[in-house]
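Undergrad: My questions will all concern the structure given below.
Please treat every number below as a calculation from the coordinates, not as lab data. Bear in mind the structure is a predicted one, so any value in this text is a computation, not a measurement.
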Amino acid sequence: MGKKVYRNRLRECRLRALIPSQAELARRSGLDRTTISHLENNNLFLSIRYALRLKEVLGCSLDDLYQETTGDETESD
């Protein structure tokens, strides 16, 4: 059994909110587009500070933004 890790589901939430581009999400949230890109690709940890801002823009919950996985699982993205 692997250790628990969290990945974010920002891309899925953005698309569900019908926000077609990272640039549009960046504009609405006040974050930089490159930050959005790094977050969506899980190259940057989605901090609670960013998550609280993004959940308001996306109309989703914090639970929607995070996915618990184990370190053993691989992503199919």
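Undergrad: Sum -39500 (n - 2.57) across every DSSP H segment of at least 4 residues in the chain, then divide by the residue count to get the 222 nm mean residue ellipticity, nearest 500.
TA: On the way: 5 runs with 38 residues, N = 77.
One gets -13000 deg cm²/dmol as the mean residue ellipticity at 222 nm.
Undergrad: Which log10 I(q)/I(0) values does the chain give at q = 0.15, 0.18 Å⁻¹ under the Debye formula, counting every alpha carbon as one identical point scatterer?
TA: Computed log10 I(q)/I(0) values: -0.48, -0.68.
Undergrad: List the pair-distance distribution P(r) of the range 26-71, using every Cα-Cα distance, as the percent of pairs falling in each 5 Å bin from 0 up to the bin containing the longest distance, rounded to whole percents.
TA: Once binned at 5 Å, the Cα pair distances of the range 26-71 give 5, 21, 31, 28, 10, 4, 1.
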